[in-house]
Amino acid sequence: MALQSTVYLIDDEAEMVELLTDVVEMIGLKVHGFTRASQFFEEVKTFASGSILMLDLNMPEMDGIEVMRRLAGMDNPPALILVSGHDAGVLHSAEKLSEAHRLTLIASLSKPLSMDKLLQLLIQYTESTSSNQQQKAASSEINISPAELKQAIENDQLVMHYQPQIAVATGMLSGVEALVRWQHPQHGLIYPNYFIKVAEKNHLIGALTQSVIRAVVQQEKEWQSKGLTLTVSVNISAEDITSLALPEQLSQLLKDNQLDPTRLILEVTESALMGELVTSLDILTRLRLKGLCLSIDDFGTGFSSLSQLHRVPFTELKIDQSFVSNLSTDDEARAIVKTCIMLGHELNMKVVAEGVEDGATLEQLRNMGCDLAQGYFISRPVSADKLVAWLKDRS
Ligand code: C2E
Ligand code: MG
Ligand code: MG
């Protein structure tokens with residue numbers, strides 16, 4: 001069998017670790033068992049793509065919830081199988097938490113475990129990752145050094161793709177989100193999940209954002225000259241909103257290029273607002289005064305309070321795709337999306353649903369009065385050239 005994933009086990013019961021080790025080894029997977037989470041973090045610092053962690057939630061020293069929180073801060077964390085002897089409610093909250101942390105969840109299982117079911121899950125997961133995620137796996141195995149990334153930014157190896165956003169009511173194109181990619185000379189196209197964190201940790205994000213904004217401004221000018229008026233959304237990071245000169249700089253750049261500032265939307269995640277609130281509030285407010293728009297990205301996954309949301313002058317709220325993609329199957333997700341739309345509208349914001357993957361979801365969003373939609377069902381992110389072709393196709 002061509003299964004090569006490593007399975008890590010953390011369970012405070014030594015007999016359980018032993019039993020599971022034997023079972024998992026039977027299907028040819030590598031296993032590392034731990035009875036303490038602290039020992040796991042001491043010994044395992046990096047994860048190969050396709051790694052799996054079977055995690056007991058109830059452990060005396062460091063529990064499974066804390067383990068998830070720490071994993072969320074690491075690069076390329078393993079996919080999870082959560083295990084608990086507690087009631088279903090605990091597992092359910094833990095599932096939601098893994099989603100909020102953007103960890104991949106394979107399954108959650110109650111004790112006593114069914115070994116057959118476990119093996120089936122492991123086989124299915126390892127086969128699917130080795131076949132259809134090759135591109136992803138390839139990127140995650142590339143060890144990105146800060147020096148190489150710095151060079152890439154300086155040598156213009158970053159390219160922009162644009163994902164259309166449509167008005168839900170009419171289906172008309174309203175704008176695009178600019179998403180950066182790295183055209184690597186050896187590894188091909190690398191997705192932002194593999195290098196944005198590296199940029200953020202190594203003070204390269206400022207230069208990256210500047211490079212993205214320059215590219216977007218050029219593109220917007222070109223569209224404008226062709227008579228295409230679109231809003232363009234750009235993602236910015238926490239560190240970008242610590243530079244007090246940003247509003248003046250951006251505003252000047254837009255003036256120099258004769259672009260309407262209200263068509264540039266800066267997307268900030270809730271977690272980016274967790275730092276220096278006074279400074280970021282100062283900057284965000286002045287950006288608004290200069291006419292730029294502000295969007296709160298991945299809404300619902302961060303931990304900002306509603307009063308914080310009220311204080312920052314956002315013009316747009318983007319509901320996180322984890323809620324949108326479950327709209328048709330999960331009652332709670334539906335309730336959350338509905339509430340986010342109401343909340344956004346009450347606060348005079350446009351509401352965008354991201355991660356729309358099928359027609360049924362788009363239809364539900366229409367019924368709920370959502371303003372804008374973005375997702376694979378409408379279009380994947382594409383190069384600027386392909387965007388024009390996409391537009392022609394649609395009309
Ligand atoms: P994001 O801002 O939340 O962007 C949406 C991500 O969801 C994009 O991934 C997009 O390709 C993906 N997506 C769109 N529609 C669907 C869908 O229907 N289903 C699913 N499953 N996914 C969908 P991408 O391009 O890989 O970007 C990932 C993240 O990287 C972005 O999340 C954003 O946080 C960050 N990022 C991208 N470009 C930049 C940038 O220029 N600067 C900064 N600081 N961060 C960026
Ligand atoms: Mg975004
Ligand atoms: Mg998002």
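The values are calculated or read from the model by the stated rules, or taken from the named source; none is laboratory data. This structure is a prediction, so every number in the text was calculated from the model and none was measured. Here the Cβ is made from the backbone with ideal geometry for all residues, glycine too, and neighbour counts use every protein chain on show. The protein model used for the area step is the full one, side chains on, heavy atoms only, and it has no ligands, DNA or RNA in it. Shrake-Rupley method; radii C 1.70, N 1.55, O 1.52, S 1.80 Å.
For the structure I just gave you, tell me whether Gly175 is more than 24 Å from the chain's Cα centre (by Cα) and closer than 30 Å to Gly359 by Cβ. Judged against the criteria, Gly175 is not a match. Among the residues of the range 33-45, some residue qualifies, meaning at least one is crowded, with 19+ Cβ neighbours inside 10 Å and within 24 Å of Ala100 (Cβ to Cβ). Residues in the range 290-323 that are in a helix (DSSP H, G or I) and hydrophobic (A, V, I, L, M, F, W, C): Leu306, Leu309, Phe323. Residue pairs whose Cβ atoms lie under 6 Å apart, separated by 6 or more positions or on different chains, with the first residue in the range 277-306 and assigned by TED's automatic domain parsing to the domain that holds Leu246 and surrounded by 14 or more Cβ atoms within 10 Å (Cβ to Cβ) and the second among the acidic types (Asp, Glu) and part of a strand (DSSP E or B), are Ser295/Glu267; Ser295/Glu316; Asp297/Glu267. Among the conditions (1) farther than 23 Å from Glu95 by Cα; (2) open to solvent by 20 Å² or more (accessible area, probe 1.4 Å), the only one that Ala335 does not satisfy is (1). Looking across Ile205, Ile236, Ile190, Ile196, one residue alone is within 11 Å of ligand 1 (Cβ to nearest atom), in the same structural domain as Met172 (by TED's automatic domain parsing) and in contact with a His (Cβ under 9 Å, 6 or more places away or on another chain). It is Ile190.
Being on the phi > 0 side of the Ramachandran plot, in contact with a Gly (Cβ under 9 Å, 6 or more places away or on another chain) and in the same structural domain as Thr269 (by TED's automatic domain parsing) is a condition met by no residue of the range 346-354. Restricting attention to the range 107-129, the residues that are open to solvent by 60 Å² or more (accessible area, probe 1.4 Å) and either touching a helix residue (DSSP H, G or I) at 6+ places or on another chain (Cβ under 7 Å) or touching a residue at least 40 places away in the same chain (Cβ under 8 Å) (or both) total 2. Return the residue satisfying two criteria in turn: it lies in the range 313-323 and is under 25 Å from Leu97 (Cβ atoms) and surrounded by fewer than 21 Cβ atoms within 10 Å (Cβ to Cβ), and of such residues it is nearest to ligand 3 (Cβ to nearest atom). Applying the filter and picking the extreme gives Gln321. For the range 202-214, filtering for residues that are more than 15 Å from ligand 2 (Cβ to nearest atom) and under 17 Å from the mean Cα position of the chain (by Cα) leaves 0. Is there a residue in the range 75-93 that is among the polar types (S, T, N, Q), at pLDDT 90 or above and open to solvent by less than 30 Å² (accessible area, probe 1.4 Å)? Checking the range 75-93: at least one residue is among the polar types (S, T, N, Q), at pLDDT 90 or above and open to solvent by less than 30 Å² (accessible area, probe 1.4 Å). In the set (1) within 12 Å of ligand 3 (Cβ to nearest atom); (2) within 25 Å of Leu264 (Cα to Cα), the condition left unmet by Cys293 is number (1). Scanning the range 327-382 for residues that are under 27 Å from Leu97 (Cα atoms), of a type in the set (Asp, Glu) and within 16 Å of ligand 3 (Cβ to nearest atom) yields a total of 2. Taking the criterion of being farther than 17 Å from Leu294 by Cα and at pLDDT 95 or above, the only residue of the range 226-252 that qualifies is Gln252.
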